[in-house]
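This report refers to the structure that appears directly beneath it.
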Amino acid sequence: MLKPQIAKLLNEQVNAEFFASNIYLQLSAWCENAGLEGSAKFFREHSLEEREHMDKIFDYMAECSLPITIGAIDAPPTEYGNLMDVINAAYQHELKVTAMINNIAKTAFELQDYTTFNFIEWFIAEQHEEEVLFGKILSKAETLDFKGQTGQTLGIMDNFLRMLDQK
Ligand code: FEO
């Protein structure tokens, strides 16, 4: 039986991944509305990926016979000035998730819960990949000197997001 402290953190992470899925869905909706189809596709796919993260932790908790509580999920922000704001919002969110995952790893290690430590290692690698992914997007924006302005650069960024391999 896992310690209550770990159970609480895992339950919070289930809810956080659900929230993340909704954030990305909202970002996709914003892009659809702005006529940015490539970006909308990218964020829609990412929303589904977050849902898979939630399922993964849900399954682990179920395997460990831990109670799971789906709480009220906050509504994600809806207002963004431009595509660069959207990208920055996503990146900042990933940094928060990385901190939460690291905290689960740290707590599991301190409590000598090596089963959870082993389980959460997949998420540590995943967060690394997600930060690399957003790093590529930010670096592309910097190369193009894209700050959210309309015009040809916006089209290039939208297409870049459409073609990005998220797996
Ligand atoms: Fe589930 Fe993008 O972290």
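The values are calculated or read from the model by the stated rules, or taken from the named source; none is laboratory data. Just so you know, these numbers come straight off a predicted model, no measurement behind them. So basically every Cβ, Gly included, is an ideal-geometry build from the backbone, and we count neighbours across all protein chains shown. The area values use the complete protein model at the heavy-atom level, side chains included, leaving out ligands, DNA and RNA. Shrake-Rupley method; radii C 1.70, N 1.55, O 1.52, S 1.80 Å.
Just a few scattered comments:
- Under the condition of being closer than 30 Å to M61 by Cβ and of a type in the set (F, W, Y), the residues counted in the stretch 120-166 number 3.
- Verdict on F19 being open to solvent by 60 Å² or more (accessible area, probe 1.4 Å), aromatic (F, W, Y) and within 14 Å of the ligand (Cβ to nearest atom): no
- Test result for V97, within 16 Å of the ligand (Cβ to nearest atom), open to solvent by less than 50 Å² (accessible area, probe 1.4 Å) and either out of contact with any helix residue (DSSP H, G or I) (no Cβ under 6 Å at 6 or more places or on another chain) or not small (G, A, S) (or both): yes
- When the stretch 106-130 is filtered for residues that are more than 14 Å from the ligand (Cβ to nearest atom) and either in contact with a Pro (Cβ under 6 Å, 6 or more places away or on another chain) or under 23 Å from Q92 (Cβ atoms) (or both), only K106 remains.
- Of residues in the stretch 38-49 being within 12 Å of the ligand (Cβ to nearest atom) and touching a residue at least 40 places away in the same chain (Cβ under 8 Å), the one most open to solvent (accessible area, probe 1.4 Å): E45
- Cβ-Cβ distances below 7 Å connect the following pairs, each with a first residue in the stretch 150-167 that is touching a residue at least 60 places away in the same chain (Cβ under 8 Å) and aliphatic (A, V, I, L, M), a second residue that is open to solvent by less than 30 Å² (accessible area, probe 1.4 Å) and not in a helix (DSSP H, G or I), and a separation of six or more residues or different chains: M157/F146.
- Qualifying residue in the stretch 69-91 (condition: within 11 Å of the ligand (Cβ to nearest atom), within 24 Å of R162 (Cβ to Cβ) and under 15 Å from the mean Cα position of the chain (by Cα)): yes
- Looking only at the stretch 111-167, residues that are farther than 21 Å from R44 by Cβ, polar (S, T, N, Q) and open to solvent by 20 Å² or more (accessible area, probe 1.4 Å) come to 9 in all.
- Considering the stretch 3-16, and only residues there that are surrounded by fewer than 19 Cβ atoms within 10 Å (Cβ to Cβ), of a type outside the set (G, A, S) and farther than 19 Å from E126 by Cα, the residue that is nearest to the ligand (Cβ to nearest atom) turns out to be K8.
- Scanning the stretch 50-68 for residues that are open to solvent by 70 Å² or more (accessible area, probe 1.4 Å) and within 16 Å of the ligand (Cβ to nearest atom) yields R51, E52, K56, F58, D59.
- Residues that are within 16 Å of E49 (Cα to Cα), at pLDDT 95 or above and not acidic (D, E) number at least 3 in the following helices (runs of 4 or more DSSP H) confined to the stretch 63-167: 83-110, 114-144.
- Which numbered condition Y24 misses (of (1) touching an Asp or Glu at 6+ places or on another chain (Cβ under 7 Å); (2) under 25 Å from F117 (Cα atoms); (3) among the aromatic types (F, W, Y)): (2)
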